[in-house]
Amino acid sequence: MELKRVVVTGLGALTPIGNTIPEYWEGLINGKSGAAPITYFDTEKFKTKFACELKNFNVQDFINRKDARKMDRFTQYAMVASDEAIADSKLNLDEVDKLRVGVIWGAGIGGLETFQNEVLNYAEGDGSPRFNPFFIPKMIADIAPGNISIKNGFMGPNYTTVSACASSANAMIDALNYIRLGHCDVIVTGGSEAAVTIAGMGGFNAMHALSTRNDNPQSASRPFDANRDGFVLGEGAGALILEEYEHAKARGAKIYAEVVGGGMSSDAHHMTAPHPEGIGVVAVMKNCLDNAGLKPEDVDAINTHGTSTPLGDVAELKAISKVFGNHAKTININSTKSMTGHLLGAAGAIEAISSILSMQHGIVPPTINHTTVDENIDPELNLTLNVPQKRDIKVAMSNTFGFGGHNACILFKKID
């Protein structure tokens, strides 16, 4: 069976450095940090008092108040980003075969704020189980793609992938395969997360996973820097329209890039820590290259998982050196989490979008906040430090890993 070709025909983003695709790209190439003191709740007793929240976002500019109240923030974000991507794709919703349009979405946690608030309200009450009737529908992780399909009438495959921070990358790979195999013409994919909450910050602080650089939040997310001390929690959503190539060509769609491969693996090592030698990461990148039918020397740029954790950054770069050999030194490697923070289940989507925009514009966004060389990192690797770099990118890779040892990798190729 000959596999169908799959292309990207629409993009949408809601991020801590920009609430649309143009704003997001401008933030990326200007090295903008999205980190700032938390405004959602009182952080006086928290170890970390900052995060990468959305800026100047009012949900009622996009969703009416009645509907918005039935959605957790992670679903609201999904709706806004997917609306932008669908509009960008210029799909004619009156003509498309909606039985062949699916929604496959990623969320690592789902409605954490809804769950948190309902439990707190119960604890503060008289013991009577007076829960909001929308508690469960707002909280469950699969409700975001459900709402996207309900709004647009898409009747193809509809579900959520949950693999911690690899969730939206896994969603994109599933979407790729559904279209490749001929089951769908179009899939709305990506991911969203809204974990900047009392429970989210408290939980990650208890794990010692977050940076505590409260005196200078904007410089706290510093992948590959010797003085990194943990990741910065972010929120938002990224959406991509994946479409079968001939279907896109027949309607004259704008094509951003071809999705040529996806790989997955497991570290099988630890609940939260990566394997120190990055063996699972080596496997996932090799799997992805094999799936795409590409060689290591074909890759021009890698947007790393690069969370700014002491162990993770080193393990990933070791793995890149093992897979790509001497060619690794010619690749533009970066981590856009230095600007957006870590969007957990939405990370893969917004970072894939960054890779696609890099190909389109011929610019690699920087890894910001780097001041001190880490002696454990190969100094010959080009980590695209602090300033963007111009480059003709024909093939771009995006890495995303999650707690539990979940690894996902996607390859995009420029269509001439």
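Tabulated results
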item: In segment 383-400, the residues that are assigned to a strand (DSSP E or B) and open to solvent by 40 Å² or more (accessible area, probe 1.4 Å); result: Leu385, Gln389, Lys390
item: All positions within segment 186-218 that are open to solvent by less than 30 Å² (accessible area, probe 1.4 Å) and in a loop (DSSP other than H, G, I, E, B); result: Ala194, Ala195, Val196, Thr197, Ala209, Ser211
item: Odd one out for Phe403, checked against (1) modelled with pLDDT of 95 or more; (2) open to solvent by 60 Å² or more (accessible area, probe 1.4 Å); (3) of a type outside the set (D, E, K, R); result: (1)
item: Helices (runs of 4 or more DSSP H) fully within segment 1-102 counting 2 or more residues that are open to solvent by less than 10 Å² (accessible area, probe 1.4 Å); result: 21-29, 73-89
item: Contacts under 6 angstrom Cβ, first residue in segment 338-353 being in contact (Cβ under 8 Å) with a residue 24 or more places away in the chain, partner charged (D, E, K, R) and open to solvent by 10 Å² or more (accessible area, probe 1.4 Å), 6 or more apart; result: Met339/Lys32
item: Residue count, segment 321-376 (criterion: in contact with a Pro (Cβ under 7 Å, 6 or more places away or on another chain), open to solvent by less than 30 Å² (accessible area, probe 1.4 Å) and in a strand (DSSP E or B)); result: 3
item: Considering residues of segment 109-155 that are basic (Lys, Arg) and open to solvent by 80 Å² or more (accessible area, probe 1.4 Å) only, the residue nearest to the chain's Cα centre (by Cα); result: Lys151
item: Single condition His305 does not satisfy, out of (1) assigned to a loop (DSSP other than H, G, I, E, B); (2) in contact with a Cys (Cβ under 8 Å, 6 or more places away or on another chain); (3) open to solvent by less than 10 Å² (accessible area, probe 1.4 Å); result: (3)
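The values are calculated or read from the model by the stated rules, or taken from the named source; none is laboratory data. Model, not experiment: these values are computed from the prediction. Using ideal geometry, Cβ is built from the backbone for each residue, glycine included, and neighbour counts are taken over all protein chains shown. Only protein heavy atoms, including side chains, enter the accessible area calculation; ligands, DNA and RNA are left aside. Shrake-Rupley method; radii C 1.70, N 1.55, O 1.52, S 1.80 Å.
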